[in-house]
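A short reminder: the numbers here are calculations on the coordinates, not readings from a lab. The model shown is predicted, which means the values in this text are computed figures rather than measured ones. Methodologically, a virtual Cβ is constructed for each residue, glycine included, from the backbone with ideal geometry; neighbour enumeration extends over all protein chains shown.
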Amino acid sequence: MNTSSRLRTLAAAGLVHPRADAVIAARFDGQVPFFLPQDKVQVKYEMLRAHIVDGLSATAAADQHGYSRAAFYLVVAAFEDRGMHGLVDGRRGRRGPLKLTPEIVAFIAGTRPEVSSAQLAEQIEQRFSVRLHRRTVERARR
């Protein structure tokens, strides 16, 4: 895989280091094409390796790899928690509607299709004391 196709793949996966220009670690000096400062996961791995194996301080390792010291500790925690998977950024934001409990989803699934989403939202509020927007109900019906 050449560098340009690798960059396209990284960009498509959302894995481009946002501060690649700040990566000043010797491994990323351009001499070996394998070490690409735009590869966020590789940079994080090398940052941890520089700290653990080479004995660089957390501040120096973070600085050389384009991260803050606080971000360094977040990377360490993610790596300790999930291993290599922790080096890939998790999905940001909520993981779905907060108010849709399994009981409410089951209730929605058991209703007739001719009942409007607005009417169903009212029924849910009366039965479960949870106010849902009709669009949330529509999405849950799919």
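Some points to look at:
- Binned Cα-Cα distances of region 3-87, short to long, each 5 Å bin given as a whole percent: 3, 16, 26, 26, 18, 8, 2
- Out of every Cα-Cα pair that region 102-141 contains, those further apart than 17 angstrom amount to 11 percent.
- Within the listed set R49, R69, R127, the residue fluctuating most in the Gaussian network model of the chain (springs between alpha-carbon atoms under 10 angstrom) is R127.
- Helix 69-82 vs. the chain, principal-axis angle (Cα, 0 to 90°, nearest 10): 70
- Between A58, A13, A50, the Gaussian network model of the chain with springs among Cα atoms under 10 angstrom shows the greatest mean-square fluctuation at A13.
- Positive minus negative residues near V75 (Lys, Arg vs Asp, Glu; Cβ under 13 Å): +1
- Gaussian network model of the chain, springs between alpha carbon atoms under 10 Å - residue of E114, E122, E46 with greatest fluctuation: E114
- For region 49-105: span of alpha carbons on each principal axis (Å, largest first): 53, 19, 12
- Computed Kirkwood radius, in angstrom, where 1/r is averaged over Cα pairs of region 27-142: 17.9
- Based on Cα atoms of region 33-74, Rg over Rh with Rh as the Kirkwood radius reads 0.94.
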